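*Asks:* Once you've had a glance at the structure underneath, I'll fire off some questions.
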Amino acid sequence: MASFDVIVIGGGPGGYVCAIHCAQLGLKVACVEGRETLGGTCLNVGCIPSKALLNSTHHLHEVHENFEKMGLMGANPTVDWSKMKAYKQDVVDGNTKGIEFLFKKNKVTWLKGWGSIPEAGKVKVGDEVHEAKNIVIASGSVPASLPGVEVDEKIVVTSTGALALDKIPETMVVIGAGVIGLEMGSVYSRLGAKVTVVEYLDAITPGMDAEVAKSFQKILSKQGFDFILGAAVSGVKVDGGKATVTYKLKKGDKEETVTADTVLVATGRKPFVYGLGLEALGVEMEQRGQIKTDAHFQTSVKGVYAIGDAIVGPMLAHKAEDEGMAVAEILAGKHGHVNYDVIPGVIYTTPEVASVGKTEEQLKAEGRAYKVGKFPFMGNARAKAIFQAEGFVKLIADKATDRILGCHIIGPGAGDLIHEVCVAMEFGASAQDLALTCHAHPTYSEAVREAALACGTGAIHA
Ligand code: NAI
């Protein structure tokens, strides 16, 4: 048995960041992780491997769509799927080993195995029980199941299986037009699969600014996606190596079907809180299965904290990381804080989609007076040079004070561009503050400044 100031359960972005920051703040810390490698879903079977596949298939798309236009003739690379998967795995391995290195560097003890909490102040890993003044649960999430759909991770897959298919399917049905469905759908669409997305709602990417969602759907349709919207999937049947998805359109009674080589179920994730002993410990849960916490991330049991996908809020790695940092500060006797009003969301398709803060729809519902500054990438020289001038930047500011309330971008580098707006929002900036900031020419970021200008006297290049 060993004794620690803090034991973190879970080595994903929330947990490992929390553990490292605890160590930086002088606490004796251990992190429990049952996988063979650190990094959780994000590094092993989520954000990172999907970005590797999005990168290689983006280049493939560029070869086919844009090389000739740029005077690059005759290139015709073929896809070696095994090699592409090996590249993806190399990227994953490099990153997971990187976390192991950071643990050693910061003297974080990795307790290998699955942890449970037999009582407050104790964590059981395998047969050993360790002591901790405080425990942080960062156990993450797993794909939510869909009634009538049995996942075999071969033909009917979650995001995990979708990263490791034996072969590239000719046809794929994606259930759910959320982030996972559209990112992984993009990968296979670019690899030549005919991708059909079946979505329950009448628009893709729920919660996103409606104008961005509409434009995004149009662009994806042009790239070859088929969308069946307003359709509730009721089941999937596998027969003869193919899967048939049954759905019912909201406008109409009859059941319809669509058949494909692979079906990706991407209808959301749920907190992974099983086997931790939470019920016996008396930890209160939210109605939707998350661990209930107070404003300081403490659960209903003193000395037991929880962060990340296991608690309420967007299931995003960076939200978990920020909570991990904040809880480490709190446990070190400082003031940890997460500003939930400024958490960016990014979809890593081409073009990228990114947003932060309020959407117009939210502001309307709240009855707030706002103004919108919009700038199309068509007026941005850099975007035009790379054939990605379809999107726009939409900046929303308070009508009276000009304070920035939100930003929604679809276009090149959106996932990076959004952060200048995040910083501006953290500092309580106005649209004019952004508009008066010099932006290098020619960069995509000029489109953000132009949107800020459009909130005032008007954009220059539109
Ligand atoms: P999601 O919640 O983003 O989207 C699920 C979609 O499935 C929704 O549009 C929903 O209306 C639809 N749906 C649900 N039941 C359905 C049914 N029976 N028939 C048809 N459609 C149905 O969930 P997703 O994409 O699985 O992602 C899970 C989590 O992982 C999300 O919280 C997401 O933010 C996160 N994630 C974030 C990434 C990023 O930041 N780039 C990448 C991948 C995942």
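The values are calculated or read from the model by the stated rules, or taken from the named source; none is laboratory data. From a predicted model like this one, the values you see are computed outputs, not experimental measurements. Neighbour counts are summed over all protein chains in view; Cβ atoms, including those assigned to glycine, are modelled from backbone coordinates with ideal geometry. Each accessible area value is taken on the protein alone, full model and side chains, heavy atoms only, with ligands, DNA and RNA left out. Shrake-Rupley method; radii C 1.70, N 1.55, O 1.52, S 1.80 Å.
Every residue, every condition in (1) in contact with a Ser or Thr (Cβ under 6 Å, 6 or more places away or on another chain); (2) under 19 Å from Pro206 (Cβ atoms); (3) outside the structural domain of Lys167 (by TED's automatic domain parsing), yes or no:
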position	(1), (2), (3)
Leu229	no, yes, no
Asp239	no, no, no
Gly252	no, no, no
Tyr274	no, no, yes
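*Asks:* Can you tell me which of Gly115, Gly181, Gly176 is touching a Lys or Arg at 6+ places or on another chain (Cβ under 9 Å) and not charged (D, E, K, R)?
*Replies:* Working: Gly181 fails: touching a Lys or Arg at 6+ places or on another chain (Cβ under 9 Å); Gly176 fails: touching a Lys or Arg at 6+ places or on another chain (Cβ under 9 Å).
Only one candidate qualifies: Gly115.
*Asks:* Return the only residue of Ile228, Ile204, Ile175 being open to solvent by 10 Å² or more (accessible area, probe 1.4 Å), in contact with a Phe, Trp or Tyr (Cβ under 9 Å, 6 or more places away or on another chain) and within 14 Å of the ligand (Cβ to nearest atom). Let's see the steps before the verdict.
*Replies:* Working: Ile204 fails: open to solvent by 10 Å² or more (accessible area, probe 1.4 Å); Ile175 fails: open to solvent by 10 Å² or more (accessible area, probe 1.4 Å).
Result of the check over Ile228, Ile204, Ile175: Ile228.
*Asks:* Considering (1) more than 11 Å from the ligand (Cβ to nearest atom); (2) on the phi > 0 side of the Ramachandran plot, say which one Gly148 fails and leave the rest.
*Replies:* Only one criterion in (1) more than 11 Å from the ligand (Cβ to nearest atom); (2) on the phi > 0 side of the Ramachandran plot is unmet by Gly148, namely (1).
*Asks:* Further question: When residues of region 247-263 are filtered for being assigned to a strand (DSSP E or B), surrounded by 17 or more Cβ atoms within 10 Å (Cβ to Cβ) and more than 9 Å from the ligand (Cβ to nearest atom), how many remain? Walk me through how you get there before you give the answer.
*Replies:* So the first thing to find is which residues in region 247-263 are assigned to a strand (DSSP E or B), and the list is 247-249, 255-260, 262-263.
Retained after the next criterion (residues that are surrounded by 17 or more Cβ atoms within 10 Å (Cβ to Cβ)): 247, 258, 260, 262-263.
With the extra rule that they be more than 9 Å from the ligand (Cβ to nearest atom), the set shrinks to 258, 260, 262-263.
Qualifying residue count for the region: 4.
*Asks:* Is there a residue in region 69-87 that is open to solvent by 60 Å² or more (accessible area, probe 1.4 Å) and under 30 Å from Asn134 (Cβ atoms)?
*Replies:* No, region 69-87 contains no residue that is open to solvent by 60 Å² or more (accessible area, probe 1.4 Å) and under 30 Å from Asn134 (Cβ atoms).
*Asks:* Looking only at region 339-377, which residues are under 18 Å from the mean Cα position of the chain (by Cα) and assigned to a strand (DSSP E or B)?
*Replies:* Correct list: Gly345, Val346, Ile347, Glu352, Val353, Ala354, Ser355, Val356, Gly357.
*Asks:* Need the failing condition index for Thr160 against (1) within 14 Å of the ligand (Cβ to nearest atom); (2) open to solvent by less than 50 Å² (accessible area, probe 1.4 Å); (3) of a type outside the set (Gly, Ala, Ser), just the number.
*Replies:* The one condition Thr160 does not meet is (2).
*Asks:* Quick one: Ile418 ticks every box in (1) open to solvent by 10 Å² or more (accessible area, probe 1.4 Å); (2) among the hydrophobic types (A, V, I, L, M, F, W, C); (3) within 27 Å of the chain's Cα centre (by Cα) bar one, so which box is it?
*Replies:* (1)
*Asks:* Another one. Which of the residues belonging to region 52-73 are under 20 Å from Gly192 (Cβ atoms) and not hydrophobic (A, V, I, L, M, F, W, C)?
*Replies:* Of all residues in region 52-73, those under 20 Å from Gly192 (Cβ atoms) come to 52-68.
Residues satisfying the conditions are Asn55, Ser56, Thr57, His58, His59, His61, Glu62, His64, Glu65, Asn66, Glu68.
*Asks:* Any residue at all in region 208-217 that is within 11 Å of the ligand (Cβ to nearest atom), farther than 19 Å from Tyr348 by Cα and outside the structural domain of Phe375 (by TED's automatic domain parsing)? Step through it out loud before you land on a result.
*Replies:* Going residue by residue through region 208-217, those that are within 11 Å of the ligand (Cβ to nearest atom) are 208, 213.
Among the residues that remain, those that are also farther than 19 Å from Tyr348 by Cα are: none.
No, the conditions are met nowhere in region 208-217.
*Asks:* To continue, here is another question. Where residues in region 11-39 are in contact with a strand residue (DSSP E or B) (Cβ under 8 Å, 6 or more places away or on another chain) and assigned to a helix (DSSP H, G or I), which of them is surrounded by the fewest Cβ atoms within 10 Å (Cβ to Cβ)? First the steps, then the outcome.
*Replies:* In the first step, residues of region 11-39 are kept if they are in contact with a strand residue (DSSP E or B) (Cβ under 8 Å, 6 or more places away or on another chain); the result is 11, 15-16, 18-19, 22-23, 27-34, 38.
The next check asks that each one be assigned to a helix (DSSP H, G or I); those that pass are 15-16, 18-19, 22-23.
Details: Gly15: 29, Tyr16: 30, Cys18: 34, Ala19: 33, Cys22: 30, Ala23: 23.
The selected residue is Ala23.
*Asks:* A follow-up question, please. Could you say which residue among Ile168, Ile155, Ile180 is surrounded by fewer than 24 Cβ atoms within 10 Å (Cβ to Cβ), at pLDDT 95 or above and within 12 Å of the ligand (Cβ to nearest atom)? Walk me through it before giving the result.
*Replies:* Details: Ile168 fails: within 12 Å of the ligand (Cβ to nearest atom); Ile155 fails: within 12 Å of the ligand (Cβ to nearest atom).
Sole residue among the options that is surrounded by fewer than 24 Cβ atoms within 10 Å (Cβ to Cβ), at pLDDT 95 or above and within 12 Å of the ligand (Cβ to nearest atom): Ile180.
*Asks:* Exactly one condition in (1) away from the ligand (no atom under 16 Å from the Cβ); (2) of a type outside the set (Gly, Ala, Ser); (3) in a strand (DSSP E or B) is false for Phe103; which is it?
*Replies:* Every condition holds for Phe103 apart from (3).
*Asks:* May I ask you to list the residues in region 231-246 that are among the β-branched types (Val, Ile, Thr), surrounded by 15 or more Cβ atoms within 10 Å (Cβ to Cβ) and either touching an Asp or Glu at 6+ places or on another chain (Cβ under 8 Å) or within 15 Å of Gly176 (Cα to Cα) (or both)? Even if it seems obvious, please write down each step before you answer.
*Replies:* Kept after step one, since they are among the β-branched types (Val, Ile, Thr), are these residues of region 231-246: 233, 236, 238, 244-246.
Narrowing the set further to residues that are surrounded by 15 or more Cβ atoms within 10 Å (Cβ to Cβ) leaves 233, 236, 244-246.
Scanning region 231-246 gives Val233, Val236, Val245, Thr246.
*Asks:* Taking region 345-372, which residues are β-branched (Val, Ile, Thr) and within 16 Å of the ligand (Cβ to nearest atom)? First the steps, then the outcome.
*Replies:* First pass over region 345-372, keeping only residues β-branched (Val, Ile, Thr): 346-347, 349-350, 353, 356, 359, 372.
The answer is Val346, Ile347, Thr349, Thr350, Val353, Val356, Thr359.
*Asks:* Tell me yes or no: at least one residue of region 399-406 is within 18 Å of the chain's Cα centre (by Cα) and buried (at least 18 other Cβ atoms within 10 Å of the Cβ). Can you show your working first?
*Replies:* To start, the set of residues in region 399-406 that are within 18 Å of the chain's Cα centre (by Cα) comprises none.
Scanning region 399-406, I find no residue that is within 18 Å of the chain's Cα centre (by Cα) and buried (at least 18 other Cβ atoms within 10 Å of the Cβ), so the answer is no.
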